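The structure under discussion appears below in the form of structure tokens.
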Amino acid sequence: MRRSDGTPAANVALVLVRSDNSSFVTTQTDPEGYFVFDSQEPGEYVLGLNSPASPDWFDGGGFGNGVRIPPASMFYPAVADRSSAMVIRLATDERLELFDFIVPSR
């Protein structure tokens, strides 16, 4: 993850949400802007982030009916509305290494 000025987007809170809202997991980018979500079930997901200007989230994950998903201020690929977010499809044992996610500079 990079800022629009090309610098790494360090310590950005991220949330990976199953498309049907049945589960989510959070993580944070490292000092170089990289992030990992390990051991996700096959399915469809959207990736959101919490901008530094937004209120802090609760960390962790959750699943099931009525799960409280952290609100994201932006979704991949840099869109404000979740309905415009790109759906990420994961197959069994698939590892994705893409996500050229550019976020606004501070």
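Of everything in the range 79-105, what is in a loop (DSSP other than H, G, I, E, B), surrounded by 11 or more Cβ atoms within 10 Å (Cβ to Cβ) and at pLDDT below 85? Give them in sequence order.
Leu96, Phe99, Phe101, Pro104, Ser105
Is it true that some residue in the range 45-61 is at pLDDT 90 or above and not in a strand (DSSP E or B)?
The answer is no, given that none of the residues of the range 45-61 is at pLDDT 90 or above and not in a strand (DSSP E or B).
Hey, could you check the range 66-75 for residues that are modelled with pLDDT of 75 or more and assigned to a loop (DSSP other than H, G, I, E, B) and say which is nearest to the chain's Cα centre (by Cα)? So that I can check it myself, show each step before the final result.
Quick first cut of the range 66-75, residues modelled with pLDDT of 75 or more only: 67-75.
Adding the requirement that they be assigned to a loop (DSSP other than H, G, I, E, B) leaves 67-73.
Details: Val67: 17, Arg68: 15, Ile69: 12, Pro70: 10, Pro71: 11, Ala72: 8, Ser73: 10 Å.
So, considering only residues that are modelled with pLDDT of 75 or more and assigned to a loop (DSSP other than H, G, I, E, B), the one nearest to the chain's Cα centre (by Cα) is Ala72.
Quick one: in the range 1-16, of everything that is of a type in the set (Gly, Ala, Ser) and loosely packed, with under 15 Cβ neighbours inside 10 Å, which residue is farthest from the chain's Cα centre (by Cα)? Write out each step before concluding.
At the first step, the residues of the range 1-16 found to be of a type in the set (Gly, Ala, Ser) are 4, 6, 9-10, 13.
Then keep just the ones that are loosely packed, with under 15 Cβ neighbours inside 10 Å; that gives 4, 6, 10.
Working: Ser4: 17, Gly6: 19, Ala10: 14 Å.
Restricting to residues being of a type in the set (Gly, Ala, Ser) and loosely packed, with under 15 Cβ neighbours inside 10 Å, the top hit is Gly6.
The values are calculated or read from the model by the stated rules, or taken from the named source; none is laboratory data. All figures in this text were calculated on a predicted structure; none of them were measured in a lab. Cβ atoms come from the backbone with ideal geometry, glycine included; neighbour counts cover every protein chain shown.
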